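See structure below.
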Amino acid sequence: MYRVMMDFYVSRGIADSVSKYARLYCAMNDSSAAIRLSEEVGRMQALYDYDMAQDEMGANAREARGYMSLFIAVCLTIIVLYVLYQYNKIKKRKFIQAFRKVNKKYAGIVSMYGNASKTLSKTRVINERYRKEKEEEIQELKSKLILYRKESDTVQSSGNNSTVDLAAVVLDLHEKAVKGEVASTDNIEMLHLMVEKELPDFMKAINDISLRLTYKERIICILIKYRFFPSEIAVLLDIKTQNLSNTRAKINSRLFKTKGAKTLDANIWRLK
């Protein structure tokens, strides 16, 4: 290398020197070092880019796993909510069916009681034996009504003046409850007029302005007076069972200053 350089300078007539070769040597070394440094920098940049790409891929994978977990959680939540909805739907259907079954059975007994009473009134002039048979039948049916009401003492004390009324409007409302039908405005108005005529003192008691009872609450009082089941009242007035329970408790508190709804029926039956 140096021989070639020396021949080059000799051919041009340029004086040769050690310092000149030293400078050339340094320049060549600097150039070589710069090339190696550039290559090293390029290699480091490539390694850096590779590490960055790996980190980015890892972050994307973690993000994808997060979205997948969220999706699975949402799906499970929807499934659980759907199962709960179906369970509550089935439970509600069974509850309504049970209500209708009880109402139907009770209405049947009331109807039989009414028929037996009417037959008795028509046959008072017929032989005493037949009359006694009908009385026994009426007493048996009345006992069944007592068991359904679970208020035997109150019913027995009412004697022949029991408020298990058999008027057409009352029987019609019992039939509507069995069928799961809501009482019409005409039904309620007829019931209201009948009570005003037959039980004026009772109407005066529940219409007391100081009690602040709403119209619907007064109708509930009337239905209780005529011994409708809470399940029947809920159907006829289209009220949820829980709402009816709360309303009964409020009526008992305002009308009789008593907490809870448990004693409401007995308290209303005692009103004249």
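No value in this document is a laboratory result; all are computed from the given coordinates. Source: prediction; values computed, not measured. A quick note on method: Cβ atoms are made from the backbone with ideal geometry, for glycine too, and the neighbour counts reach across all protein chains shown.
So the values come out like this:
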quantity: Length added when fully stretched, Glu39-Ile90, from 0.36 nm per residue minus Cα-Cα; calculated: 10.7 nm
quantity: Length added when fully stretched, Ser184-Tyr82, from 0.36 nm per residue minus Cα-Cα; calculated: 33.2 nm
quantity: Potential extension, Lys132-Phe256 segment - 0.36 nm per residue separation minus Cα distance; calculated: 40.6 nm
quantity: Highest average packing first - 45-57, 183-195, Cβ atoms within 10 Å; calculated: 183-195, 45-57
quantity: Distance between modelled label sites at Arg65 and Lys101, nm, 7 Å Cα→Cβ extension; calculated: 5.4 nm
quantity: Distance between modelled label sites at Glu196 and Gln242, nm, 7 Å Cα→Cβ extension; calculated: 3.7 nm
